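Everything on this sheet refers to the single structure shown next.
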């Protein structure tokens, strides 16, 4: 597995327990060679464990893991990490403090005895991450971002067929995080390796991924392209975890193809149905931030053509601005409505606090799901 | 924007003015409290007090060391300046003693560091069965003075010892092994293992497991991984080597017992001999003191040079803590076996030797049927046996209490100095403490005898020679550096913001200290007190140099009894004292559990 091109990763039915706690509950997924796969989930969801099972640092209790055509874990078979042809970036970088930057980066080459000029290759890798001339320093003398780049160079230098990233950006500040994300994306894709990257930050996941796997309490709840995850989340958990402006109660009035029409507290909203809904059911209305738009003051009458039905304007919710946050390109507003709050409602101009407004909800970005709790 | 109602429904940024002024007020008060204007007088008074203490405690040592190069200045010879004492110390039997000291010190340091590192990795990385028990055994080993271990081995292996008495035959090879360099090295090494363990396990704990995982992921096999780990442990290994070496060459207990019995001279014993023989050879003793200190300094310098220039500080962020792996099958048996062998040789055998000697009576021909508790009965009946125990108990209570109180103050100053990266007083104090740690107790004791016996000093009205007060001062001077070092780590962990927060919210300086720092450090303070107490109760070198006639402390009484062939009496006194220490430690811990508020115990540190 020393090739410079990626390997397909196939995980089938992997279970991992720590004592009585099940960290991974029959997880299966497949990544094509060269694909950039992001595992997304809150802390404790098992994403880190899955990554470590892929690395071979943890042994799976059940299931099998294939890298390309090689079976690396099944039953008693366990190929150790050093034999899997990996590169990995750790959350705390795990740069060996007693070795120089150059020695850290050269380490995988020396272990592989890959031949050629080790120092030259290590220097080349450092140059790629913008750290040429840093070779003689020790990790403790570098800033967090520089340490991260060294870790990236160390992971890339051995031309691994599988690159693993364990929340590599979580220890950095916002500005640096964005820049390094771009670097990781370009360098990892350039290397041709298959990438598995874990994060709890949904924006990072959407920005990087070819495929996203969402984990919740040890289960893989959705595995899809980013667009699909965003537009058709598999369940309310995925929807909530990938970013919502609001989560509101409602009652299903009728079904309309893939949409459901929900009534509640003086509003009527069309939303994509997650399925399993029937007229009269209690439901939740989940609203993506991008599906909201402020239109105008609430005291004015609705314009003709807004689709007034039974005196209620379709997809329009009256509310009051309670907070405005300047975001550079425009303003995020917080709007209170009769039975809840809409957050992250974007507009290019600022609406003063206390303004009565109406928020238009785009059915494409609204999701209707069954309500497991009793309605109000 | 048609609606322009600006009355904010949610008041986010209104701060009541009273709160602001309170914040400002305390802030100002806090800074004026640090400003020199009002406090320069108190600071001066403090400095003078510290200076006086340093003078009383360390100046005698300085005088003693100077006598080596200028005997005439102290009325000890003709020369104002001479190197003759040094030259004679570097020849003949004292040179042999110094060489023996250096070689056994190096061997002990290497062995102790190897064992200590193995233990640190075992306890830090794996789930050792009976881990609590082994830890307890390590603490026992830390508390047991070297002469106890040496006595135990000696009583066991001697010609008329326990093994000979029980088996009826003399095990010659064992006697030759124990009563020689190998025995000395083993006692010093096993005594050093807890120090090495503590030095290395701190680093092991800080390592986390990602470093090793990173090596595996990037292709390292078992040996490469071990190399990486050992490389990262280097600071801990070097300090373990330096500490054990310094402890070993400063040790007096082995020299006075096992080594003396085996005709294997070592430097501390030679130094004590030069002082206590008649006529006393102070310049010669001081020369040995110099050379001992040079050896310690070498060790400390080597440690500094080995770790200098390399920063081991890495991003501490969210390193994954090491999850100890369970030991199974062969590894479990191997680990348990190794632990058993080590603790048997370091603790079990000496303890068996001591206890059985105390039960056997003083007749070499005794067999197993003649076990008797007579010696214990005598301990409580004969005042010459019980007296030393009670005296040492009193001395230990006094010195431990003062040393921990003063040590806490010193540790606080040092911790603050380290945090503020200030030079001046804090770094001077740090240097003094380091010097005091490097100062062998035997040199300290000799210094006190020499200086407080000088006619010039007694003429000044300082009548300390031959008093219990001088012994207390000596014991304190010996305990202070260790106590403050013990507490320093804990004080360094307490953020300045904790007491500051208490003061900002209305507590006075004393209350702030009592409600924030004291609860957090109560466990550390208690442990520091217990360790100092046990250590001082069994202390030998200072006690043997400074005890007033007719008032023998415990360790002196024990060695005297044994030198006078009262083996049962001597060992029984020792056993009673050790049981007493265990009782005090147990009682203190139980009381702490029962009486201290629940929040204090959360921070209990080992």
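Does residue B:524 qualify as being within 21 Å of the chain's Cα centre (by Cα), in a helix (DSSP H, G or I) and within 18 Å of residue B:147 (Cβ to Cβ)?
For residue B:524, the condition - within 21 Å of the chain's Cα centre (by Cα), in a helix (DSSP H, G or I) and within 18 Å of residue B:147 (Cβ to Cβ) - is not met.
Could you check, for the range B:402-414, whether at least one of its residues is closer than 22 Å to residue B:301 by Cβ and modelled with pLDDT under 85?
Looking for residues that are closer than 22 Å to residue B:301 by Cβ and modelled with pLDDT under 85, one finds at least one in the range B:402-414, hence yes.
Going through the range B:63-101 one residue at a time, which ones are in a helix (DSSP H, G or I), touching a helix residue (DSSP H, G or I) at 6+ places or on another chain (Cβ under 6 Å) and under 22 Å from residue B:249 (Cβ atoms)?
B:64, B:65, B:85, B:86, B:89, B:94, B:97, B:98, B:101
Please go through the range B:236-252 and pick out each residue that is within 19 Å of residue B:346 (Cα to Cα) and in a helix (DSSP H, G or I).
Within the range B:236-252, B:240, B:241, B:243, B:244, B:245, B:247, B:248, B:249 qualify.
Is the range A:54-68 home to any residue that is in a loop (DSSP other than H, G, I, E, B), under 17 Å from residue A:8 (Cα atoms), within 12 Å of chain B (Cβ to nearest Cβ) and in contact with a helix residue (DSSP H, G or I) (Cβ under 8 Å, 6 or more places away or on another chain)?
Within the range A:54-68, one or more residues are in a loop (DSSP other than H, G, I, E, B), under 17 Å from residue A:8 (Cα atoms), within 12 Å of chain B (Cβ to nearest Cβ) and in contact with a helix residue (DSSP H, G or I) (Cβ under 8 Å, 6 or more places away or on another chain).
If a residue must be over 22 Å from residue B:219 (Cα atoms), touching a residue at least 60 places away in the same chain (Cβ under 8 Å) and within 11 Å of chain B (Cβ to nearest Cβ), how many such residues does the range A:157-191 contain?
Here the count works out to 2.
Within the range B:317-329, does at least one residue satisfy the condition of being away from chain A (no Cβ under 14 Å), in a helix (DSSP H, G or I) and either at pLDDT 85 or above or on the phi > 0 side of the Ramachandran plot (or both)?
Within the range B:317-329, one or more residues are away from chain A (no Cβ under 14 Å), in a helix (DSSP H, G or I) and either at pLDDT 85 or above or on the phi > 0 side of the Ramachandran plot (or both).
For residues in the range B:382-401 being farther than 17 Å from residue B:574 by Cβ and either out of contact with any helix residue (DSSP H, G or I) (no Cβ under 8 Å at 6 or more places or on another chain) or surrounded by 23 or more Cβ atoms within 10 Å (Cβ to Cβ) (or both), which is modelled with the lowest pLDDT?
B:383
Could you go through the range A:88-97 and let me know if any residue there is more than 10 Å from every other protein chain (Cβ to nearest Cβ), surrounded by 19 or more Cβ atoms within 10 Å (Cβ to Cβ) and over 23 Å from residue A:199 (Cβ atoms).
Checking the range A:88-97: not a single residue is more than 10 Å from every other protein chain (Cβ to nearest Cβ), surrounded by 19 or more Cβ atoms within 10 Å (Cβ to Cβ) and over 23 Å from residue A:199 (Cβ atoms).
Anything in the range A:108-129 that is under 31 Å from the mean Cα position of the chain (by Cα) and within 10 Å of chain B (Cβ to nearest Cβ)? List them, or say none.
Once the filter is applied, which keeps residues that are under 31 Å from the mean Cα position of the chain (by Cα) and within 10 Å of chain B (Cβ to nearest Cβ), the range A:108-129 yields only A:108.
Taking residue B:265, is it within 30 Å of residue B:74 (Cα to Cα), surrounded by fewer than 21 Cβ atoms within 10 Å (Cβ to Cβ) and either at pLDDT 85 or above or touching a strand residue (DSSP E or B) at 6+ places or on another chain (Cβ under 6 Å) (or both)?
So residue B:265 fits the description; yes.
Conditions first: (1) touching a strand residue (DSSP E or B) at 6+ places or on another chain (Cβ under 7 Å); (2) buried (at least 19 other Cβ atoms within 10 Å of the Cβ); (3) more than 13 Å from chain B (Cβ to nearest Cβ). Residue A:151 passes all but one, so which condition is the exception?
(3)
Is it the case that some residue within the range B:290-306 is modelled with pLDDT under 80, within 14 Å of chain A (Cβ to nearest Cβ), surrounded by 15 or more Cβ atoms within 10 Å (Cβ to Cβ) and over 30 Å from residue B:89 (Cβ atoms)?
no
What residue, of A:208, A:215, is at pLDDT 90 or above, farther than 27 Å from residue A:22 by Cα, more than 14 Å from chain B (Cβ to nearest Cβ) and in contact with a helix residue (DSSP H, G or I) (Cβ under 6 Å, 6 or more places away or on another chain)?
That would be A:208, the only listed residue that is at pLDDT 90 or above, farther than 27 Å from residue A:22 by Cα, more than 14 Å from chain B (Cβ to nearest Cβ) and in contact with a helix residue (DSSP H, G or I) (Cβ under 6 Å, 6 or more places away or on another chain).
State all residues of the range A:130-139 that are surrounded by 18 or more Cβ atoms within 10 Å (Cβ to Cβ) and either part of a helix (DSSP H, G or I) or more than 9 Å from chain B (Cβ to nearest Cβ) (or both); if no residue qualifies, say none.
A:131, A:134, A:135, A:139
Among the residues that make up the range A:76-85, is at least one of them in a strand (DSSP E or B), more than 26 Å from the chain's Cα centre (by Cα) and either more than 11 Å from chain B (Cβ to nearest Cβ) or within 26 Å of residue A:177 (Cβ to Cβ) (or both)?
There is at least one residue in the range A:76-85 that is in a strand (DSSP E or B), more than 26 Å from the chain's Cα centre (by Cα) and either more than 11 Å from chain B (Cβ to nearest Cβ) or within 26 Å of residue A:177 (Cβ to Cβ) (or both).
Which residues, taken from the range A:346-374, are in a strand (DSSP E or B) and under 27 Å from residue A:255 (Cα atoms)?
Within the range A:346-374, A:358, A:359, A:360, A:361, A:366, A:367, A:368, A:369, A:370 meet the criteria.
Restricting the range A:35-53 to residues that are in a loop (DSSP other than H, G, I, E, B) and in contact with a helix residue (DSSP H, G or I) (Cβ under 8 Å, 6 or more places away or on another chain), which is nearest to residue A:205 (Cα to Cα)?
So the residue we want is A:41.
Could we say that residue B:255 is part of a helix (DSSP H, G or I), out of contact with any helix residue (DSSP H, G or I) (no Cβ under 7 Å at 6 or more places or on another chain) and away from chain A (no Cβ under 14 Å) here?
For residue B:255, the condition - part of a helix (DSSP H, G or I), out of contact with any helix residue (DSSP H, G or I) (no Cβ under 7 Å at 6 or more places or on another chain) and away from chain A (no Cβ under 14 Å) - is not met.
Wholly within the range B:149-231, which helices (runs of 4 or more DSSP H) include no fewer than the required count, namely at least 3 residues that are within 26 Å of the chain's Cα centre (by Cα), modelled with pLDDT under 85 and within 14 Å of another protein chain (Cβ to nearest Cβ)?
Once the helices (runs of 4 or more DSSP H) in the range B:149-231 are filtered for at least 3 residues that are within 26 Å of the chain's Cα centre (by Cα), modelled with pLDDT under 85 and within 14 Å of another protein chain (Cβ to nearest Cβ), what remains is B:181-207.
Which numbered condition in (1) free of Cβ contacts under 8 Å to residues at least 12 places away in the same chain; (2) more than 29 Å from the chain's Cα centre (by Cα); (3) part of a helix (DSSP H, G or I) is the only one that residue B:507 fails?
Unmet condition: (3).
The values are calculated or read from the model by the stated rules, or taken from the named source; none is laboratory data. If you're wondering where the values come from, they're calculated on a predicted model, not measured in any experiment. Every residue, glycine as well, gets a Cβ built from its backbone with ideal geometry; the counts of neighbours run over all protein chains shown.
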